[in-house]
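The values are calculated or read from the model by the stated rules, or taken from the named source; none is laboratory data. A quick note: this is a predicted structure, and the numbers were derived from the prediction, not measured. Virtual Cβ from ideal backbone geometry, glycine too; neighbours counted across all protein chains shown. Surface areas here come from the heavy atoms of the whole protein model, side chains and all, with no ligands, DNA or RNA. Shrake-Rupley method; radii C 1.70, N 1.55, O 1.52, S 1.80 Å.
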Amino acid sequence: MLDVRALTEVPAASGDVAPSCAERRVPAVMRGLAASWPALGAWSLDALAARHGGVEVVTARASGRQVVTDARHGLEQERRPLGAFLAAMAGGAVDACLMSPIGDLPPAFAAEIAWPGWCARAPFRRSKLWIAPAGMVSPMHRDIADNLHVQVTGRKRFTLAAPSQSDHLYPNGPLHGFPNGCGADVEHPDFTRFPRLRGVELSVVELAPGDAVYMPRLWWHHVRTLEASVSVNLWWARGAWRVVAEGTDLFKRARRIGR
Ligand SMILES: O=C(O)CCC(=O)C(=O)O
């Protein structure tokens, strides 16, 4: 096992601390940030199946309860009705994880979440709905945009590493199917293949419904779903980073690799 530190906690009451973390690019867990979102309490798996079962969503294939990040094709995504995905999950399927852009879903989804004021007006904004069975893992990777991942139902554990730790994680090259991923597995460290992993500095945090974790751009994150989970993430970028984020989207689209 590798050593991990707990992440800085920001209670929801200290509303001015959250934007200052984002300004200083310091990761933080914001407890209860989404306590007043209509989605909270309304987005159980059963309620989503009943209300939106016919909606087409994007899922990514998983193998051994880990999202597949193929060296040639990246994520292996497919479209299917939300109801079919949730029925399979209720029956014990662990071969897929849902990651669907909120902008492609019926407006009720966007209406039941709320972007915090300190990122709501950024010129680059994207968000995804995530649904996964207990035990699912998204392997360590990094994103170009700032990211607030908000838990709605169930629990997840995030393990984070700063950009300064990249060398310890063996980042994938730009031509890999998952160019923002890495070779090392922080949960099952293989020090023979990845000897520099031994020195990596990690922070860990568990999210419960209403909690959010702020991950500054380029911070590495590995995610383990602890209980059947529904969550939403918000990505945003400003200034030159907006251009980089849009360029990265185009690069992945041009290479037809999952985003
Ligand atoms: O929740 C997950 O499994 C992955 C989430 C993620 O990678 C993100 O929010 O950027």
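Tabulated data for the structure shown
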quantity	calculated
Contact order relative to length of the chain, as percent, for alpha carbon pairs under 8 angstrom and 6 or more apart	29
Dipole moment magnitude, nearest 20 debye, the stretch 47-92 about Cα centre, only Lys, Arg, Asp, Glu C-beta charged	60
Separation of alpha-carbon centers, the stretch 215-257 and the stretch 106-165, rounded to whole Å	8
Nearest-20 debye value, the stretch 1-151 charge dipole, Cβ charges on Lys, Arg, Asp, Glu	180
The stretch 6-147, accessible area per residue, ligands and nucleic acids excluded (1.4 Å, Å²)	45
Carbon/sulfur fraction of accessible area - the stretch 2-132, other protein chains in place, 1.4 Å, %	53
The chain, dipole about Cα centre (Lys/Arg Cβ +1, Asp/Glu Cβ -1), debye to the nearest 20	580
Whole-percent carbon and sulfur share, accessible surface of the stretch 133-259, 1.4 Å	55
The chain: calculated mean residue ellipticity at 222 nm from DSSP helix runs of at least 4, using -39500 (n - 2.57)	-5500 deg cm²/dmol
Residues whose placed amide H lies under 5 Å from that of V57, excluding near-sequence neighbours	R80, L82
Among R224, R80, R31: highest mean-square fluctuation, GNM of the chain, C-alpha pairs under 10 Å	R80
